[in-house]
1. Where the second residue is among the basic types (K, R) and open to solvent by less than 30 Å² (accessible area, probe 1.4 Å) and the first is within 23 Å of M128 (Cβ to Cβ) and lies in the range 140-163, which pairs have Cβ atoms under 9 Å and are six or more apart or on separate chains?
2. In the range 30-91, which helices (runs of 4 or more DSSP H) lie fully inside it and hold 1 or more residues that are of a type in the set (K, R) and at pLDDT below 90?
3. State which residue is surrounded by the fewest Cβ atoms within 10 Å (Cβ to Cβ) when the search covers only the range 15-29 and only residues that are among the aromatic types (F, W, Y) and assigned to a helix (DSSP H, G or I).
4. Suppose we filter the range 172-199 for residues that are without any contact (Cβ under 8 Å) to a residue 60 or more places away in the chain and either in contact with a Gly (Cβ under 6 Å, 6 or more places away or on another chain) or open to solvent by 30 Å² or more (accessible area, probe 1.4 Å) (or both); how many remain?
5. Could you identify the single residue in V63, V48, V59 that is out of contact with any Phe, Trp or Tyr (no Cβ under 7 Å at 6 or more places or on another chain), hydrophobic (A, V, I, L, M, F, W, C) and more than 28 Å from Y174 (Cα to Cα)?
6. Of all residues in the range 20-39, count the ones that are hydrophobic (A, V, I, L, M, F, W, C) and touching a residue at least 60 places away in the same chain (Cβ under 8 Å).
Amino acid sequence: MFGVTVNIGLVLVSYLLGSFPTGYLAARILKGIDIREQGSGSIGATNVLRTLGKGPAIVVLLVDAAKGALAIALAHLAYSFSSTVGLSLATLVTLAGLAAIIGHSWPIWLNFKGGKSVATSLGILLAMSWQVGLATFGVFAVMLAITRIVSFSSIVGAIAVSALMFGFGQPLPYQIFAIAAGIYVIWRHRSNIQRLLAGTEPKIGQKLQTETEQTT
């Protein structure tokens, strides 16, 4: 019974960590505005960049990534109760990671309207497997340098992560996480995909032609 409580507590705390509204708070503190009513309406780093500038965007990016990494650290802590938890470390890490991603995209504090979980996913990957995390970031960075489009680079990274997780020989739960998280991130970018196909998706520094969701 105690093991079940630990598992449930880990998932709930990881969700709450993920749901910490970094971008929303940054906009409120720095400009007194609701970032959900600005630009794309997203609370993630890309919309913060567009609305508040580079400095705040970098801070939001780092904090959002740290949220994911901290959720994984908590999974390791929960595993220290291995005699009562009854799940493998890889499984606990996967559950915590998925909960943090959902928390960022569906934060309870903001009526479940959040970001696309790209930065949070990166933090999770770096804590889960630094090799996979760095390689995924490398794919993202190369595509961003070529296209200057954050959403496209994020989608390519989300596709690549499954192959990278398998290629680095990570445990099956991690591979399942990569597939699930990758599909989820791509699904969260569905409006961006429509704009990419229409040729209207903005590059870094450009304004949205349509005030809809943009990548985070």
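1. Listed by first residue and then by second, the contacts come to S154/K116.
2. 45-52
3. For the range 15-29, the residue satisfying everything is Y15.
4. Summing the residues that are without any contact (Cβ under 8 Å) to a residue 60 or more places away in the chain and either in contact with a Gly (Cβ under 6 Å, 6 or more places away or on another chain) or open to solvent by 30 Å² or more (accessible area, probe 1.4 Å) (or both) in the range 172-199 gives 12.
5. Testing whether each residue is out of contact with any Phe, Trp or Tyr (no Cβ under 7 Å at 6 or more places or on another chain), hydrophobic (A, V, I, L, M, F, W, C) and more than 28 Å from Y174 (Cα to Cα) leaves just V48.
6. So the count comes out to 1.
The values are calculated or read from the model by the stated rules, or taken from the named source; none is laboratory data. Just so we're clear, the structure is a prediction, and the values are computed from it rather than from any experiment. When we count neighbours, we look across all protein chains shown, and the Cβ atoms used for this are built from the backbone with ideal geometry, even at glycine. The protein model used for the area step is the full one, side chains on, heavy atoms only, and it has no ligands, DNA or RNA in it. Shrake-Rupley method; radii C 1.70, N 1.55, O 1.52, S 1.80 Å.
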